[in-house]
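Remarks on the structure that follows.
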Amino acid sequence: MKRPVLAANWKMNNGPTAASSFMDVFIPAYHPRTDRTIIIFPPAVSLPVVAAATVGRSDVLPGIQNIHWAEKGAFTGEISASMARDAGAQVALVGHSERRHIFGDTDINCAKRCHAAAKAHIAFMLCVGETIEQREAGETESLVTKQLREGLSQTPNLISTEFLLAYEPVWAIGTGLTASPADASAIQSLLRSQLRQMIGTRADEIPILYGGSVNSGNAASLLATDDIDGLLVGGASVEASSWLAIAQT
Ligand code: PGA
């Protein structure tokens, strides 16, 4: 039986006041369950609110949407992994497609962020995924393999590091288009086999999530797909009632 990971990526939504209202609804309504893990990635300014609301709830983990790889210093506007941990983050999202495509994040920078998270003793969730042009050019497999291998290339002792992966086809993010369970499953299984080459049977313990236009209507069928170990949800995670329905799928 798999233990799915259901992750909410609020993106640039839910500042501290809205985050507090969200948690006031979500936490009392979502009863602790041992058969799944919930992660919430708020904007960094709302992380303390989410962290405070999840004290005593080991089934709901606060996360951060991005971290810088340096520990501290002259990097205006950035947040280090140890600062994120200090504010309550237990997981850092790395290489989300919006970071890659809007803010120019590269595989090498992602690799440094993964290493920084591991060094600060927080888990990381490395995101990979192809654009529609790359898919149509038949480049999906080679691209996600490169993103995976380069993204993980600077984390020493990967075999004993806590991390997750998310496959998010860029053409499915925020568009209402979802990869078919079969398409998603094929890429998830490719990622798993690459990971096995890298870390052997430990690969079977690494959750590989799917993301891209997930909502309460399609969550169950995606989760029922063999190679999908969880869901990374953007738009449908911003409102507490919608997220509650997905968390309880
Ligand atoms: P979406 O976003 O659910 O709004 O498509 C997913 C994501 O970007 O993580």
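Worth pointing out:
- Dipole magnitude of the chain about its Cα centre (Cβ charges: Lys, Arg +1; Asp, Glu -1), debye to nearest 20: 540 debye
- Where only C-alpha atoms are counted, convex hull volume of the stretch 5-247 per residue in Å³: 117 Å³
- Taken along its principal axes, the alpha carbon cloud of the stretch 11-118 reaches lengths of 40, 30, 25 Å, longest axis first.
- Across the options 244, 224, 161, the greatest Cα extent toward the positive end of the charge dipole of the stretch 123-249 (unit charges at beta carbon of Lys, Arg, Asp, Glu) belongs to 161.
- Most fluctuating residue given options 190, 47, 209, as computed from a GNM of the chain linking Cα atoms under 10 Å: 190
- Vicinal HN-Hα couplings computed from phi for the stretch 11-19 (Karplus, 6.51 cos²θ - 1.76 cosθ + 1.60; Hz; Gly/Pro x): 6, 8, 9, 6, x, x, 5, 5, 5
- Pairwise Cα inverse-distance average, inverted: Kirkwood Rh of the stretch 88-164 (Å): 12.8 Å
- Average Cα contact separation per residue, the chain, under 8 Å, 6 or more apart, as relative contact order %: 20 percent
- On the beta carbon distance between residue 224 and residue 71, with R0 = 51 Å, the FRET formula returns roughly 0.75.
- Neighbour counting of Cβ atoms within 10 Å sorts the residues 26, 41, 75, fewest neighbours leading, into 75, 26, 41.
Where a number appears in this text, it was derived from the coordinates with a stated rule and is not lab data. Computed from a predicted model, the values in this text were never measured in an experiment. Methodologically, a virtual Cβ is constructed for each residue, glycine included, from the backbone with ideal geometry; neighbour enumeration extends over all protein chains shown.
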